[in-house]
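A.B. asks: There's a structure below that I have some questions on.
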Amino acid sequence: MDQMYLLDVGKLPGQQSMLIFHALARMGVEALVIVSPENPLVSIGYFQDAAKEINLPFCRENGIPFMRREVGGGATYLDENQIFYQIIWKRSNPRFPVQMKRIFEEFSIPACETYRKFGIEASFRQENDIVTQGGKKIAGEGGGDIGDCMVFVGGILLDFDYETMSKILRVPDEKLRDKVYKSMKENLTTMKKELGDIPPREEVVQTLIREYEKVLGRLEPLALHNRFVERMKTLEKWFTSDRFLVKKTRKIPKGIKIKGGVEIRYGIHKAKGGLIRTVEELEDEKISEIGISGDFQFYPKSDLATMEVELRKTEFEQGKVRNKIQQFYDVHHIQAPGVLPEDFTTAIIRSQSEGPE
Amino acid sequence: MEIEGYTFPDDLYYDREHYWCRVEGNVVVTGTTDFAQKMAGEIVYVQLPLIGKSVTQGKPCAALESGKWVGRIYAVVSGKVVEVNEELEDNPKLINQGPYDQGWIFKIEPSDLDVELKNLMQGDDLAQFIKSEIIRVAAER
């Protein structure tokens, strides 16, 4: 096959760690890039709108840059404790699969093997997660067509800043942010969590490169030439511009996908008695966790938290949710002026049609 | 016609990027094929081209996402985009459910239709191409 390059570039300033694969793809350079961001940044997926997905005031106040990328997936917080692997190849290269499913399966193997070499049993799970034996996600991956190339990207999680991740996301109600944080902590893991400590970065990098060479063949080391840097700088202006960051779409975010089968949905509904906001964690189409807030009245007040607990394990289906809430109202003699079980149900179930304002 | 379980209506024209077009008067309707939507899996987002945009045959002009992969939507013929299927913004799965009808993507006012239709496939040419693609995909398993 054609020679592929290896760019093991260490750490690059914020956006450059993401811009590098965009630049190489446009320049038709087939390569494996191993890189980490030198400073934290937020990246949103191609089909996301920064204003709807990210807590922009928090990012600006804390000097966290943000950009939209040309591959799929959701909003994510990136920092030096992640080692990105980015593979770029020409669409016309017959050496590479064309089916997305095969691309994800084949190019996830090196990351899984890297984790295994450090004692973490990791495996690829359809459609695009790497998970541990315990079912926790330990890498997120995505891909896309850029120019005449295809790119596949992912990241080894040495460690993860769950708190900042939950803060950079736009949520419908600040009171519900804690639910998002909790869900991430429970469902995402890292090398540090699994092993008790972070292994030396260079050892992880060299293992990752060796494993990728088993799949891609021997890679020719290539330095980060000035022409790549210049291209990245040109791209940076566009990728961080308002025109590119703010998509012209009426689609409102449903929530966040945490891993396969687990997602967080945001709900909102204006009942006669006030606005209801919900954040629910769904696991395999059942409510595993839910937070409800708003400016409605609900007596006894303490029973709202109890109702949240009661809703756990309820199937995410309109009839089942409504029956559970109706039953709760009856048993606990709930007084909620202008707020009926149907209203809570609408907020929860209709979470795909409305989102954060 | 049916090719190994994949449907390809005979009255359509097809390109090598797995997009189709149907001539309706002075407008061309386009979308992606049954083969492509099955390969992609569930489509979760569609970025439609802007109305008024000039498109070129064989060049990407929009995008869609399935399974965290962002793929390009290609223009089957050159011309100007005159209408888009806005239903796809809220329900991109229409492409999976009906790639040749409810899942149409956009319409073009063609600029050189007679010439460019000759670059597209139908009948035996199409069958040969699709069979080679099926073999290519099967070899990856």
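Read the figures in this text as sums done on the coordinates, not as results from a lab. Remember, it's a predicted structure, so these values are computed and weren't measured experimentally. Quick reminder, even Gly has a Cβ in these numbers, built from the backbone with ideal geometry, and neighbours come from all protein chains shown.
A.B. asks: Given 5 Å bins starting at zero, what is the percent of C-alpha pairs of region A:160-221 in each, up to the one with the largest pair distance?
C.D. replies: 4, 14, 17, 14, 11, 12, 12, 9, 5, 2, 0
A.B. asks: Using only atoms on other chains, find how many Cβ atoms lie within 10 Å of each Cβ of peptide A:100-108 and report the average.
C.D. replies: Average per residue, whole number: 3.
A.B. asks: May I ask you to list the GluC sites (Glu not before Pro) in region A:259-327 that are in a DSSP loop and have at most 10 other Cβ atoms within 10 Å of their Cβ?
C.D. replies: A:285
A.B. asks: Here is a follow-up. Relative to the present Cα-Cα distance, how much length would full extension add between residue A:241 and residue A:133 at 0.36 nm per residue of separation?
C.D. replies: 34.8 nm
A.B. asks: Sort out the exposed loop GluC sites (Glu not before Pro) in chain B (DSSP loop, at most 13 other Cβ within 10 Å) and tell me the longest stretch that has none.
C.D. replies: Maximal segment without exposed cleavage sites: B:87-141.
A.B. asks: Evaluate 2.2 N^0.38 Å with N set to the residue count of chain A, then give the Cα radius of gyration divided by it. Let's see the in-between values first.
C.D. replies: Numbers: Rg = 22.2 Å, N = 357, 2.2 N^0.38 = 20.5 Å.
Compared with the compact-globule rule of thumb, chain A sits at 1.08.
A.B. asks: If Lys and Arg each add +1 and Asp and Glu each add -1, what is the summed charge of the other residues whose beta carbon sits under 13 Å from the beta carbon of residue B:11? Intermediate results must be reported in sequence, preceding the final value.
C.D. replies: Values: positive: B:22; negative: B:10, B:24, B:101.
Overall, the nearby charge balance is -2.
A.B. asks: If r is the Cβ-Cβ distance from residue A:223 to residue A:121 and R0 is 41 Å, what FRET efficiency results, to the nearest 0.05?
C.D. replies: About 0.70, to the nearest 0.05.
A.B. asks: Within 10 Å of each Cβ of B:68-81, how many other protein chain Cβ atoms are there on average?
C.D. replies: Numbers: counts 18, 18, 14, 6, 5, 0, 0, 0, 0, 0, 0, 0, 0, 0.
Per-residue shielding by partner chains comes out at 4.
A.B. asks: While we're on this one: Would you work out if region A:169-257 is rounded, prolate or oblate? Take a ≥ b ≥ c from the square roots of the eigenvalues of the alpha-carbon gyration tensor; rounded if a/c is under 1.5, else prolate when a/b is larger than b/c, oblate otherwise.
C.D. replies: oblate
A.B. asks: Would you kindly state how much longer the chain becomes between residue A:313 and residue A:254 on full extension, computed as 0.36 nm times their sequence separation minus their alpha carbon distance, in nm to one decimal?
C.D. replies: 19.2 nm
A.B. asks: Moving on. Sort A:127-139, B:29-41 by the packing proxy (mean of other Cβ within 10 Å over each peptide's residues), most packed first.
C.D. replies: Working: A:127-139: 19.6, B:29-41: 21.3.
Result, highest mean first: B:29-41, A:127-139.
A.B. asks: Let me ask you something else. Stick to Cα atoms and the Kirkwood definition of Rh, then tell me Rg/Rh for region A:261-352.
C.D. replies: 0.93
A.B. asks: Still on this model: Under a point spin-label approximation (7 Å from Cα along Cα-to-Cβ), what is the residue A:39-residue A:197 distance to one decimal in nm?
C.D. replies: About 3.1 nm, to one decimal.
A.B. asks: Report, in whole Å, the centroid distance computed from the Cα atoms of region B:26-54 and region B:123-141.
C.D. replies: Computed from Cα coordinates, the inter-centre distance equals 21 Å.
A.B. asks: Calculate, for residue B:4 and residue A:93, the FRET efficiency according to 1/(1 + (r/R0)^6) with r their C-beta to C-beta distance and R0 22 Å; round to the nearest 0.05. Please report the intermediate quantities before stating the final value.
C.D. replies: Details: r = 25 Å, r/R0 = 1.15.
After rounding to 0.05, the efficiency reads 0.30.
A.B. asks: Give the total of Lys-Lys pairs in region B:1-121 with Cα-Cα distances below 18 Å; include a pair only if its members are 8 or more places apart or on different chains.
C.D. replies: Within region B:1-121, the lysine pair count is 9.
A.B. asks: Let me ask something else about it. Averaged over A:68-76, how many beta carbons belonging to a partner chain fall within 10 Å of each residue's beta carbon? All intermediate terms of the calculation are to be shown ahead of the outcome.
C.D. replies: Working: counts 0, 1, 2, 4, 11, 5, 1, 0, 0.
Per residue, the average neighbour count from other chains is 3.
A.B. asks: Turning to a different aspect of this structure: Under a Cβ-Cβ cut-off of 14 Å, what is the net charge of the residues other than residue A:209 that fall near it, where Lys and Arg count +1 and Asp and Glu count -1?
C.D. replies: For residues surrounding residue A:209, the net value is -2.
A.B. asks: Take the alpha carbon gyration tensor of region B:2-126, find the square roots of its eigenvalues, order them as a ≥ b ≥ c, and report rounded if a/c is under 1.5; if not, report prolate when a/b exceeds b/c, else oblate.
C.D. replies: Oblate, because a/c is 1.5 or more while a/b does not exceed b/c.
A.B. asks: Here is a follow-up. Find the all-direction average of the projected area of the Cα convex hull for region A:121-172, expressing the result in square nanometres with one decimal place.
C.D. replies: 5.7 nm²
A.B. asks: Through the Karplus equation 6.51 cos²θ - 1.76 cosθ + 1.60, θ set to phi - 60°, convert the phi angles of region B:76-90 into ³J(HN,Hα) values in whole Hz; use x for Gly and Pro.
C.D. replies: Each residue of region B:76-90 in turn: 7, 9, 7, x, 10, 6, 10, 7, 10, 8, 5, 4, 5, 5, 8 Hz.
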